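Participant: Mind looking over this structure? Questions follow.
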Amino acid sequence: MPINEAQQLANLLQKHAQEIGKVVDYDPQKDRLFPFDFTASNKTLNEETVADTSAFSAWVTKTLQQNNCRYGIGGYFENRTLYSRSAHFNTSSDEPRRLHLGVDIWAEAGTPVYSPFKGKIHSFKNNDNFGDYGPTIILEYFFYGIKFYALFGHLNRESLEGLYPGKTVQQNQKLAEFGTEAENGNWPPHLHFQLMFDLEGNEGDYPGVCRLSDREKYQPNIPDPNLILRF
């Protein structure tokens with residue numbers, strides 16, 4: 001059975017791990033990570049808190065502070081009930097979108113975001129809907145013969161200034177910053193980081209949440225961002 005594209009990339013990233021740059025400033029020797037759980041099993045977070053962006057942000061901040069963690073992390077193919085807060089994740093069918101396709105890194109607004117490889121700007125857009133990505137950048141990478149894309153969502157508006165398709169981005173170059181609730185799609189400050197092989201014609205946007213029944217459709221196209229983050 002031939003190795004699929006996701007496994008090829010995983011093998012290459014493991015083999016050339018020393019060539020992977022950073023996405024955020026993270027020191028494994030001193031920075032602690034809190035594994036957020038946004039499934040129905042998390043009984044510490046209720047619907048009222050999630051529906052109120054300010055209250056939700058306060059909950060995230062308090063959780064990180066209480067656990068002495070610089071960042072929160074999680075979400076790859078997590079079935080999240082919290083998307084009921086926004087009609088953006090409902091569909092014309094009976095099944096809403098609840099399956100999260102990327103990894104979220106939760107930290108304060110203004111947190112720097114970097115490009116883990118040398119690449120170029122594919123596209124960018126301010127996806128300005130309640131619950132959407134807000135300012136978003138998609139980078140295009142070639143890594144030992146494999147082309148893939150990385151989506152960076154929930155940025156601040158300044159992150160989109162001076163960009164144009166094809167603009168070169170260097171490895172570990174500061175790309176953007178986490179946006180505030182008022183500009184990032186009405187979420188607590190965080191970065192949505194997602195990898196894709198095929199953008200399917202999208203520019204500045206790609207689904208970050210899908211229907212549970214569509215998992216088998218999306219999973220071959222969405223490799224695990226933890227291969228790069230290595231948290």
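The values are calculated or read from the model by the stated rules, or taken from the named source; none is laboratory data. The model shown is predicted, which means the values in this text are computed figures rather than measured ones. With ideal geometry, Cβ positions are generated from the backbone for all residues, glycine too; neighbour counts draw on all protein chains shown. These accessible areas exclude ligands, DNA and RNA; they are computed on the full protein's heavy atoms, side chains included. Shrake-Rupley method; radii C 1.70, N 1.55, O 1.52, S 1.80 Å.
Participant: What dipole magnitude, in Debye to the nearest 20, does region 169-217 give about its Cα centre under +1 on Lys/Arg Cβ and -1 on Asp/Glu Cβ? Each step should come with its number before you reach the end.
Facilitator: Values: 4 positive and 9 negative charges, 37 e Å.
For region 169-217, the charge dipole is close to 180 debye.
Participant: Go ahead and set up a Gaussian network model of the chain, Cα springs under 10 Å, then flag whichever of Gln194, Gln66, Gln14 fluctuates most.
Facilitator: With Cα springs under 10 Å in the chain, the top fluctuation among Gln194, Gln66, Gln14 is at Gln66.
Participant: In addition: Can you give the local net charge around Gln7? Use residues other than it whose beta-carbon is closer than 13 angstrom to its beta-carbon, Lys and Arg +1, Asp and Glu -1. Please list the in-between numbers first.
Facilitator: Values: positive: Lys15; negative: Glu5, Asp224.
Charge balance in the 13 Å sphere: -1.
Participant: Considering only protein heavy atoms and a probe of 1.4 Å, how much of the accessible area of region 118-223 is carbon and sulfur, as a whole percent?
Facilitator: 43
Participant: Cα-Cα over 25 Å: which of Lys22/Lys147; Lys120/Lys174; Lys22/Lys125; Lys30/Lys62; Lys22/Lys43; Lys22/Lys167?
Facilitator: Lys22/Lys43
Participant: Where nothing but the Cβ of Lys and Arg (+1) and of Asp and Glu (-1) is charged, how large is the charge dipole of region 111-220 around its Cα centre, in debye to the nearest 20? Don't skip to the end; give the middle numbers.
Facilitator: Working: 10 positive and 14 negative charges, 84 e Å.
Here region 111-220 has a charge dipole of around 400 debye.
Participant: Still on this structure, please answer the following. Tally Lys/Arg at +1 and Asp/Glu at -1 over every other residue whose Cβ is under 11 Å from the Cβ of Glu177; what's the total?
Facilitator: On the way: positive: Arg157, Lys174; negative: Glu108, Glu158, Glu183.
After counting each charged neighbour, the total is -1.
Participant: May I ask you to work out the translational diffusion coefficient for region 34-79 at 37 °C, viscosity 0.692 mPa s, via Stokes-Einstein with Rh from the Kirkwood sum over Cα pairs, reported in whole µm²/s? It would help to have the intermediate numbers written out before the result.
Facilitator: Numbers: Rh = 11.3 Å.
The Stokes-Einstein estimate is 292 µm²/s.
Participant: Here's a follow-up. How big is the charge dipole of the chain about its Cα centre, in debye rounded to the nearest 20, if each Lys and Arg gets +1 on its Cβ and each Asp and Glu gets -1 on its Cβ? Can you show the working numbers first?
Facilitator: On the way: 22 positive and 29 negative charges, 125 e Å.
Here the chain has a charge dipole of around 600 debye.
Participant: As a test of the definition: which semi-axes, in Å, follow for region 164-205 when you take the square root of five times each eigenvalue of its alpha carbon gyration tensor? Largest first, please. Don't skip to the end; give the middle numbers.
Facilitator: Numbers: eigenvalues 93, 53, 22 Å².
Rounded to whole Å, the semi-axes are 22, 16, 11.
Participant: Write down the Kirkwood hydrodynamic radius of region 90-192, to one decimal in angstroms, obtained as one divided by the mean of 1/r over all alpha carbon pairs. Display every interim value, and only then the final one.
Facilitator: On the way: mean 1/r = 0.0703 Å⁻¹.
One decimal place: 14.2 Å for the Kirkwood radius.
Participant: Right, something else. Using 1/(1 + (r/R0)^6) with R0 = 30 angstrom and r between the beta carbons of Asp31 and Asp198, what's the FRET efficiency to the nearest 0.05? Walk me through the intermediate numbers first.
Facilitator: Numbers: r = 33 Å, r/R0 = 1.11.
Calculated value: 0.35.
Participant: By per-residue mean of other Cβ atoms within 10 Å, what is the highest-first order of 143-151, 177-185?
Facilitator: On the way: 143-151: 17.3, 177-185: 21.2.
Taking the mean over residues of other Cβ atoms within 10 Å, the ranking is 177-185, 143-151.
Participant: Follow-up question, since we're still on this one. For the chain, build the charge dipole from Cβ charges (+1 Lys, Arg; -1 Asp, Glu) around the Cα centre, then report which of Pro207, Gly162, Tyr26 sits farthest towards its positive end.
Facilitator: My answer, from the dipole projection, is Tyr26.
Participant: Under a point spin-label approximation (7 Å from Cα along Cα-to-Cβ), what is the Leu160-Lys22 distance to one decimal in nm?
Facilitator: So the two model labels end up 2.7 nm from each other.
Participant: Once you have the Kirkwood Rh of the chain from its Cα pairs, apply Stokes-Einstein at 37 °C and 0.692 mPa s and quote D in µm²/s. Can you show the working numbers first?
Facilitator: Numbers: Rh = 17.9 Å.
Value of D from the Cα-based Kirkwood radius: 183 µm²/s.
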